Amino acid sequence: MGPVRGIRKRKKAEKKGEENASGSGSSEKEGPVDWWDEFSRRINGVQSPSKVLDKFESVFKLSRKTFDYICSLVSEDMMAKSAHFVFTNGKPLSLHDQVAVALRRLSSGESLVTIGDSFGVNHSTVSQVTWRFVEAMEERGLHHLQWPSTEAEMTEVKSKFQKIRGFPNCCGVVDTTHIMMCLPASDPTSNAWLDQEKNHSMILQAIVDPDMRFRDIVTGWPGKMKDWSVFQSSNFYQLCARGERLNGKRLELSTGLDIREYILGDLGFSLLPYLVIPYEGKELPEPKAQFNKWHYATQKVAQRALARLKDRWRIIQGVMWRPDKHRLPRIILVCCLLHNIVIDMEGGVQDEMPQSHKHDSEYRQQICGTVDINGVHLREKLSLYLSGRRMPMPP
């Protein structure tokens, strides 16, 4: 599969799932609670109910409610195909068993053999079940990753961004991270994936809302591509160029001073009429230096979202061992979908944040240096507005 450039529209799931999915091919007729009791005894032995619940949260990185919802999303697609997966003792894997195996593979990043041993299945079964889950999530979960579709939803996004450090009419923050790979020396394409830091990597670029929810992503490009080149390849960029994105109402800041909708990005991006980056330089005048501090404090939302994505879905953290480069963009997409589902189902995420917001610690800041005059005007308006309001300095 080629690069995932934005999010393609697909048919809506007929059952997006308020109802719980029921298992199939197993003895869990009483429902998911009994399924987990039986499943945990099978892999861990007898434990107290409280320890079993704690174990579930630590194993799958999400709540039982969210797990049941994910089962309901993928049930039709995962159980419709003819393949029958079994444990090593010959017992068939139910829907809940399959989702558990796939989520553990994505959230832990452990090897197929390690997961197979802990769950009592062959490593080939772990691989096949995980891929079936990825395909089902692509088909049924895309509605969890989309641009705000109503004025009320966008108004809420803007309001939350303004509460961070005062940026008015802001619709998102864009940032880029690298998914590192270990490729065999015999791979004739390996040099194409060698980035500026001498790692083999694949790009993930995301636009994030103030709740750290991914609103648009681009992935699949080699890590050596520059941030601004990836952005220009995106469907989001094309929509903006046609006036079909960031085209909402202008906001009047004061008499004769109004601004359009826009997003924020770091110095790796061009300064565009709708993409505001910091001022470049070290010895900046006080108003510009203050603007950069407010900008950075708001930009941190995207940094934290990407750090949390990698911390929770560890299959894309660290260095992946010889991944299928055609399948990897789809795995990355599904990790982003799962990231959003957890936010949608479980609300606040502050207590579960990784200690650092540095998701790309081995990479230096890129500098694009390209500016558009209309972007210059927009940034000056924002700097003037924020300075006039005497925004508190970020810590």
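Here is the link list: LYS249/LYS381; LYS61/LYS163; LYS158/LYS381; LYS198/LYS300. Which ones come out longer than 19 Å on Cα distance?
Details: LYS249/LYS381 16 Å; LYS61/LYS163 29 Å; LYS158/LYS381 17 Å; LYS198/LYS300 26 Å.
Result: LYS61/LYS163; LYS198/LYS300 exceed 19 Å.
Name the residues of segment 170-186 whose amide N is less than 17 Å from a point 7 angstrom out from the Cα of GLN196 along the C-beta direction?
175-180
ASP187 versus GLU244, label points 7 Å from Cα toward the beta carbon: distance in nm?
The answer from the label model is 3.4 nm.
Among residues other than LYS198 whose Cβ falls under 11 Å from its Cβ, what is the net charge (Lys/Arg +1, Asp/Glu -1)?
Computed value for this residue: -2.
Would you please put 300-309, 265-274, 245-254 in order of how densely packed they are, using the mean number of other Cβ atoms within 10 angstrom per residue and starting with the highest? Present the calculation step by step, with values, prior to reporting the outcome.
On the way: 300-309: 23.1, 265-274: 21.3, 245-254: 14.5.
Final packing ranking: 300-309, 265-274, 245-254.
Could you let me know the centre-to-centre spacing of segment 295-310 and segment 224-239, using Cα atoms, in angstrom?
Between the Cα centres of segment 295-310 and segment 224-239 lies a distance of 19 Å.
Considering all projection directions equally, how large on average is the shadow of the alpha-carbon convex hull of segment 148-388, in square nanometres? Mind dumping the intermediate values first?
Values: hull surface 55.2 nm².
Result: 13.8 nm².
Using a simple spin-label model with points 7 Å from Cα along the Cα→Cβ vector, what separation in nm is obtained for GLU346 and GLU252?
So the label points at GLU346 and GLU252 sit 4.5 nm apart.
Excluding residues on the same chain fewer than 8 positions from LYS325, give the aspartates and glutamates whose Cα lies under 14 Å from its Cα.
ASP187
Taking only C-alpha pairs under 8 Å that are 6+ residues apart, what is the relative contact order of segment 148-388 in percent?
Numbers: 398 pairs, mean separation 59.4, N = 241.
Relative contact order comes out at 25 percent.
What is the spin-label model distance, in nm, from GLN365 to LEU284 if the labels are put 7 Å beyond Cα along the C-beta direction?
Here the modelled spin labels are 0.8 nm apart.
Leaving out ligands, DNA and RNA, and with a 1.4 Å probe, what % of the accessible surface on segment 148-388 is carbon or sulfur?
Numbers: 5090 of 10470 Å².
On segment 148-388, the fraction of accessible area on carbon and sulfur atoms equals 49 percent.
Can you give me the long-range amide H partners of ARG245? Hydrogens built in the peptide plane at 1.01 Å from N, cutoff under 5 Å, separation of 5 or more residues or another chain.
CYS240
Provide the solvent-accessible area of HIS144, counting protein heavy atoms only and rolling a 1.4 Å probe, rounded to the nearest 10 Å².
Accessible area of HIS144: about 20 Å².
From the C-alpha coordinates alone, can you work out the Kirkwood hydrodynamic radius of segment 156-219, in Å?
Details: mean 1/r = 0.0718 Å⁻¹.
When all Cα pairs of segment 156-219 are included, the Kirkwood radius is 13.9 Å.
What is the mean projected area of the alpha carbon convex hull for segment 55-214, to one decimal in square nanometres? If you can, show how the numbers build up before the last one.
On the way: hull surface 54.3 nm².
The orientation-averaged projected area of the Cα hull of segment 55-214 comes to 13.6 nm².
The values are calculated or read from the model by the stated rules, or taken from the named source; none is laboratory data. In this text, all values refer to a predicted model and were calculated from it rather than measured experimentally. Every residue, glycine among them, receives a Cβ derived from its backbone with ideal geometry; neighbour counts consider all protein chains shown. Heavy atoms of the whole protein, side chains included, go into the accessibility calculation; ligands, DNA and RNA do not. Shrake-Rupley method; radii C 1.70, N 1.55, O 1.52, S 1.80 Å.
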